[in-house]
Protein chains: 2
Amino acid sequence: MARIVMKFGGTSVADIGRIRNVARHVKREVDAGHEVAVVVSAMAGKTNELVGWVHEASKAEGSNVNIYDAREYDAVVASGEQVTSGLLALVLQSIGVDARSWHGWQIPIRTDNAHGAARILDIDGTELVRRFGLGQVAVIAGFQGIGPDNRVATLGRGGSDTSAVAIAAAVKADRCDIYTDVDGVYTTDPRIEPKARRMARISFEEMLEMASLGAKVLQVRSVELAMVHKVRTFVRSSFEDPDAPGMGDFLNPPGTLICDEDEIVEQQVVTGIAYAKDEAQISLRRVADRPGVAGGIFGPLAEANINVDMIVQNISEDGKSTDMTFTVPSGDVAKALAVLDRVRQTVGFDVVQHDEGMSKISVIGIGMRSHAGVAATAFKALAEKSINIRAITTSEIKISILIDGPYTELAVRTLHSVYGLDKQ
Amino acid sequence: MARIVMKFGGTSVADIGRIRNVARHVKREVDAGHEVAVVVSAMAGKTNELVGWVHEASKAEGSNVNIYDAREYDAVVASGEQVTSGLLALVLQSIGVDARSWHGWQIPIRTDNAHGAARILDIDGTELVRRFGLGQVAVIAGFQGIGPDNRVATLGRGGSDTSAVAIAAAVKADRCDIYTDVDGVYTTDPRIEPKARRMARISFEEMLEMASLGAKVLQVRSVELAMVHKVRTFVRSSFEDPDAPGMGDFLNPPGTLICDEDEIVEQQVVTGIAYAKDEAQISLRRVADRPGVAGGIFGPLAEANINVDMIVQNISEDGKSTDMTFTVPSGDVAKALAVLDRVRQTVGFDVVQHDEGMSKISVIGIGMRSHAGVAATAFKALAEKSINIRAITTSEIKISILIDGPYTELAVRTLHSVYGLDKQ
């Protein structure tokens, strides 16, 4: 007997038929004797509908400005998950599984006051655990808790993954199963490289890089939380037949286990290749070479909510100043250029160049820490395919390379192959 | 300066455009210096959507049986009002009115444990009143509170009227304005009698009879509550231009005031004619004339949730037993006959006859208590039009007459005229 938290996303609960399928997954685990909590998202499309209304409601007539009270946003938008939790509880009851729904404020899941993007501070798991003992399944509305102001606070988009991991930590669950529309984490995107393989295991650190680099399987924050609390997290498919052979295998369910690196016996040097399209490269020439310059540039960009990613700094041609290159999402280029134009005088730089349509390819692997030459292999492989490298950044467990967008697929396949990821 | 509770139903908040119109009504009262709480229903259609999902979810596969956990029903269905309250708060903020939304559990509005049809036990108005003092409008999700089990409890369909009156009582509001899709209470249905006049005032007792007899303006329970707590309640239109002349008139806004009879200076003998179509008459012949017989018949009907209305008992033709006649909604006839068939042997009666397509016409007026001959006037007027009377019941302030359905409109117009209701 084990304690399991199961999380189902919006497409998995899109209508009552799918909720019925979810209930069969839950019943399977209950029938196996496990204690189960389920965390659910809003039915697919519902959150967008609610957010749309909030935007419409908060627009002053005739105006395009859209400033709204995040507390009201939360009060409205959190209702989506509340509906799903009640419906799943009803479906479970209809197939003979004792279940009840829980809203964030009932447990309670306490958050900070950052409405719309709140962080979970504390979860009181006492009552949930007591009811596990009575054989009752807890069906919990994801994405939300209650703030210090006694109002509903949401965790930001995709926050149900975070809810699930946090609840798993609070009730000391043996594992947290994230059911999604893919059946695990792959060595790279299978739509680009059909030879991509599903990983049996991946370390928290690697998954963190994969998640933040565009392998949209799990919310970054949920992986961070899983890492901190060492919550063993499975990514698995909600669309498979709940009663197919092996689905109830406690030790090795079909999917990818995200776990502590100690649990991964045979470390690969490289575990996966991630990519992010639609990056733009902005270069500032002849930036004054004095302390505080970087802050003068990136501070205002951050305040404008522009997500600056790779940053590379070189000495300028003239030898007296520096060149600075960084990437932002293509959609933010206009906004970024406006900010730069505003600070140009105070900070002091000459020319601003920008190139859109770039892609960032990342090679990830915890084994890199102890293996030299991983970067060199990538550079050589890309060069052989005549793929031009525009910028490079590295961390302990990843190498990110900026290239021209049209070469994305070729680069992903090349790197996937050169590190042997297409072989068992 | 006064304290006002304003309530808006589902059609008044059906989309953001209409919510914007509601906000203008609220702003008008705020600008006049009043303290305002607003109670809102779910957007039109939303409650039905949610209830539909609950029914779908709670049906065991392949079964037609629909038994569901009313606590989950409440958790799901109450979300409709929560959404509207947040959206109205946002719209109010967008036009410069300080406002915040309140869910039932936040105030709290404490109810009993009868989920799906809960009764309000207590409302703590302290925080609402404190915020009135700060100039903040409270936008309250109607139709719900929190039960002793710490779960959301709904008051049953149409319960937002009841929420509004209960809140008005709790914060000692000067009046409660029920905004609806009609502009007041009429002497009868204007679709039947174009000469029907809007009443300026009607007593609680009369309104109670009007409401329960099919003048679908206000929930019966809300009128009962208003009567007990002497909450002066206006019925008025939400679709009029919020800034039309007179709309902000504190003493005499356009609409009908439901109030204590003391406030009605010139009592009419008859104030209104109500009707209910689609009644069925069921007659039991030769019912054994012994104690406990009525209980043996109407007990099982009540348990089957059949709403028995008029009950008339006569001596039978044979002089030894009784005949019993009562009405039920036409839709319940089959169910009622099945129940009667089941109890026939134990109770003892001979023949069951039934007639569908009846209508009940009611003459209502608090002045009846002190005026004789009101009933005789009705019987004579109907006889002159050759309208056959099938059954009669009376109370202190109303006379109800069962007639054949096709005569409904004629009877309503005849009675409306004979009591002079079509004259100013």
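The values are calculated or read from the model by the stated rules, or taken from the named source; none is laboratory data. As the structure is a prediction and not an experimental result, all values here were calculated from the model. Methodologically, a virtual Cβ is constructed for each residue, glycine included, from the backbone with ideal geometry; neighbour enumeration extends over all protein chains shown. We work out accessible area using only protein heavy atoms, side chains counted, and drop any ligands, DNA or RNA first. Shrake-Rupley method; radii C 1.70, N 1.55, O 1.52, S 1.80 Å.
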Residue check, A:Leu402 part of a helix (DSSP H, G or I) and outside the structural domain of A:Ile192 (by TED's automatic domain parsing): no
Verdict on B:Glu29 being open to solvent by less than 50 Å² (accessible area, probe 1.4 Å) and either more than 9 Å from chain A (Cβ to nearest Cβ) or of a type in the set (S, T, N, Q) (or both): yes
Within segment A:74-84, considering residues that are in a helix (DSSP H, G or I) and more than 7 Å from every other protein chain (Cβ to nearest Cβ), the one nearest to B:Val83 (Cα to Cα): A:Val77
Exclusive hit being within 11 Å of chain B (Cβ to nearest Cβ), basic (Lys, Arg) and touching a strand residue (DSSP E or B) at 6+ places or on another chain (Cβ under 9 Å), set A:Arg20, A:Arg71, A:Arg24, A:Arg3: A:Arg71
Any hit, segment A:83-101, residues being more than 19 Å from A:Ala138 (Cβ to Cβ), in contact with a Ser or Thr (Cβ under 8 Å, 6 or more places away or on another chain) and assigned by TED's automatic domain parsing to the domain that holds A:Glu240: no
Among (1) open to solvent by less than 20 Å² (accessible area, probe 1.4 Å); (2) under 30 Å from A:Ala60 (Cα atoms) - the single one B:Gly159 does not satisfy: (2)
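Can you tell me which residue in segment A:325-361 is most open to solvent (accessible area, probe 1.4 Å), limited to those that are within 23 Å of A:Ile399 (Cα to Cα) and out of contact with any helix residue (DSSP H, G or I) (no Cβ under 7 Å at 6 or more places or on another chain)? Outline the logic, then answer.
Of segment A:325-361, the ones within 23 Å of A:Ile399 (Cα to Cα) are A:325-330, A:354-361.
Within this subset, residues satisfying the condition of being out of contact with any helix residue (DSSP H, G or I) (no Cβ under 7 Å at 6 or more places or on another chain) are A:325-327, A:329-330, A:355, A:360.
Working: A:Thr325: 25, A:Phe326: 1, A:Thr327: 2, A:Pro329: 47, A:Ser330: 27, A:Asp355: 70, A:Lys360: 12 Å².
Of everything passing the filter in segment A:325-361, A:Asp355 is most open to solvent (accessible area, probe 1.4 Å).
Of A:Ser58, A:Ser85, A:Ser41, which residue is closer than 15 Å to A:Ala14 by Cα, out of contact with any strand residue (DSSP E or B) (no Cβ under 6 Å at 6 or more places or on another chain) and either touching a residue at least 40 places away in the same chain (Cβ under 8 Å) or not basic (Lys, Arg) (or both)? Steps first, answer last, please.
Values: A:Ser58 fails: closer than 15 Å to A:Ala14 by Cα; A:Ser85 fails: out of contact with any strand residue (DSSP E or B) (no Cβ under 6 Å at 6 or more places or on another chain).
Sole residue among the options that is closer than 15 Å to A:Ala14 by Cα, out of contact with any strand residue (DSSP E or B) (no Cβ under 6 Å at 6 or more places or on another chain) and either touching a residue at least 40 places away in the same chain (Cβ under 8 Å) or not basic (Lys, Arg) (or both): A:Ser41.
Does segment A:270-301 hold any residues that are open to solvent by 30 Å² or more (accessible area, probe 1.4 Å) and modelled with pLDDT of 90 or more, and which are they?
First, the residues of segment A:270-301 that are open to solvent by 30 Å² or more (accessible area, probe 1.4 Å): A:275, A:277-278, A:285-286, A:288-292, A:294-295, A:298.
Listed by number, the residues that qualify are A:Tyr275, A:Lys277, A:Asp278, A:Phe298.
From the list A:Ile258, A:Ile306, A:Ile282, exactly one residue is in the same structural domain as A:Tyr179 (by TED's automatic domain parsing) and closer than 30 Å to A:Glu206 by Cβ. Which is it?
Testing whether each residue is in the same structural domain as A:Tyr179 (by TED's automatic domain parsing) and closer than 30 Å to A:Glu206 by Cβ leaves just A:Ile258.
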Single unsatisfied condition, B:Asp177 versus (1) out of contact with any Pro (no Cβ under 8 Å at 6 or more places or on another chain); (2) outside any loop (DSSP other than H, G, I, E, B); (3) of a type outside the set (Lys, Arg): (1)
Segment A:260-312, residues that are closer than 19 Å to A:Pro329 by Cα, assigned to a strand (DSSP E or B) and not aliphatic (A, V, I, L, M): A:Tyr275, A:Lys277, A:Asp278, A:Glu279, A:Gln281, A:Ser283
Odd one out for B:Val36 among (1) crowded, with 24+ Cβ neighbours inside 10 Å; (2) more than 13 Å from B:Ser238 (Cβ to Cβ); (3) facing chain A (nearest Cβ under 10 Å): (3)
Selection count, segment A:58-85, where residues are at pLDDT 95 or above, hydrophobic (A, V, I, L, M, F, W, C) and in contact with a helix residue (DSSP H, G or I) (Cβ under 7 Å, 6 or more places away or on another chain): 4
Residue ranges of strands (runs of 3 or more DSSP E) in segment B:89-134 with at least 2 members under 20 Å from B:Ser160 (Cβ atoms) and more than 10 Å from chain A (Cβ to nearest Cβ): B:109-111, B:120-123
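Just give me the residues in segment A:405-421 being open to solvent by 40 Å² or more (accessible area, probe 1.4 Å) and either in contact with a strand residue (DSSP E or B) (Cβ under 7 Å, 6 or more places away or on another chain) or assigned to a loop (DSSP other than H, G, I, E, B) (or both), in sequence order.
Hit for segment A:405-421 is A:Tyr419, nothing else.
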Every residue from segment A:326-341 that is among the aliphatic types (A, V, I, L, M) and not in a helix (DSSP H, G or I): A:Val328
Those residues of segment A:131-156 which are within 27 Å of A:Ser94 (Cα to Cα) and either surrounded by fewer than 24 Cβ atoms within 10 Å (Cβ to Cβ) or small (Gly, Ala, Ser) (or both), in sequence order: A:Arg131, A:Phe132, A:Gly133, A:Leu134, A:Gly135, A:Gln136, A:Ala138, A:Ala141, A:Gly142
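Residue by residue, here is whether (1) free of Cβ contacts under 8 Å to residues at least 24 places away in the same chain; (2) of a type in the set (Asp, Glu); (3) within 26 Å of B:Met310 (Cα to Cα); (4) in a loop (DSSP other than H, G, I, E, B) holds:
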{"residue": "B:Asp183", "(1), (2), (3), (4)": "no, yes, no, yes"}
{"residue": "B:Thr188", "(1), (2), (3), (4)": "no, no, yes, yes"}
{"residue": "B:Pro194", "(1), (2), (3), (4)": "yes, no, no, yes"}
{"residue": "B:Glu206", "(1), (2), (3), (4)": "no, yes, yes, no"}
{"residue": "B:Glu209", "(1), (2), (3), (4)": "no, yes, yes, no"}
{"residue": "B:Lys216", "(1), (2), (3), (4)": "yes, no, yes, yes"}
{"residue": "B:Val231", "(1), (2), (3), (4)": "no, no, no, yes"}
{"residue": "B:Pro253", "(1), (2), (3), (4)": "no, no, no, yes"}
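If you scan segment A:6-17, which residues turn out to be within 14 Å of chain B (Cβ to nearest Cβ) and out of contact with any Ser or Thr (no Cβ under 6 Å at 6 or more places or on another chain)? Walk me through it before giving the result.
Step one: of segment A:6-17, the residues within 14 Å of chain B (Cβ to nearest Cβ) are A:13-17.
Within segment A:6-17, A:Ala14, A:Asp15, A:Ile16, A:Gly17 qualify.
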